[in-house]
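Values in this text are rule-based calculations from the coordinates and carry no lab data. This one's a predicted model, so the numbers in the text were calculated from it and none came from an experiment. All Cβ positions, even for glycine, are placed from backbone atoms using ideal geometry, and neighbour counts span all protein chains on display.
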């Protein structure tokens, strides 16, 4: 079986895409911490549930960005194939 | 789409790319009218139809609202409440129209995946244009409302203004605002689109009824959250320039 240079690049791109998605660990931890503190805040002050929810969701969506950058890199490597 | 990795998984009907429809020459470059343009056109026609219907309904407005007038009043009141709550009484009247418009536009774009369109916000061209508008608004309001001296002090912020070592770093953080805003929206909607395409392409024999739950999460929940986040961040960035008043 002959492995051409392009095959090698495609295989390494797939490995790189898998490594890039490890970036999802960070937002997972961050969103979990935000949700935990949100739950604690609702427990302390149930009247402010609406405000706490919207602030928590905003913070989580912003924290999600770094994970999405990893996802974008993975998608670029898999589907756009910039290195081939 | 010639894709070795997905082809080897036995799926040749996975399709989430943007397709060109008509090409034309412009200054020697080939420019494409793509599916994103068509989907944006559909969303815009829907918005225009909604606006005309709302205008009709409000012309015959009744003291006790009923039917469609209720829906319009509810929408406008909710959006007004969000904008006034975030931006304050001075800045809000200038931006409430713009923020409400992009809110409805992004929301309809994100939800359009539910109706079989490819969401226009899953094209980086759309979201980057929205990010650029936000960037221009931030800096126009900044130069309008703050004195030059204070802008310079802010740009050199941790160090005193006569020592502009931090100026390049602050400049990069200013440029990162529209990029991160647009990439956040784009990547969220794109990930939903790709996930649904994979579900329908790879599990096409089993994909009955239960992808509805995925649609509810990716299209409705995630789309609404990202719309809210985009508008919220735009408002926060703009209203930072009004703090001194």
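See the values below:
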| read-out | value |
| --- | --- |
| GNM top mover of B:191, B:109, B:36 - chain B, alpha-carbon springs below 10 Å | B:191 |
| Using alpha-carbon coordinates, inclination of helix B:35-59 to the longest axis of chain B, degrees | 70 degrees |
| Folded to 0 to 90 degrees: helix B:68-111 orientation relative to chain B principal axis, Cα | 10 degrees |
| Selected from B:233, B:190, B:107 as most flexible by GNM, with chain B as the system and alpha-carbon contacts under 10 Å | B:233 |
| Residue with peak Gaussian network fluctuation, chain B [Cα springs, cutoff 10 Å], from B:118, B:56, B:184 | B:56 |
| On Cα atoms only, tilt of A:49-75 relative to the major axis of chain A in degrees | 10 degrees |
| Projected area averaged over orientations for the stretch B:52-185, convex hull of C-alpha atoms, nm² | 11.3 nm² |
| Relative contact order computed over chain B (Cα-Cα under 8 Å; 6+ residues apart), in percent | 26 percent |
| Burial ordering of B:32, B:210, fewest other beta-carbon atoms within 10 Å first | B:210, B:32 |
| Whole-percent pair-distance distribution, where bins are 5 Å wide, for the alpha carbons of chain B | 1, 5, 10, 13, 14, 14, 12, 10, 8, 6, 4, 2, 0, 0 |
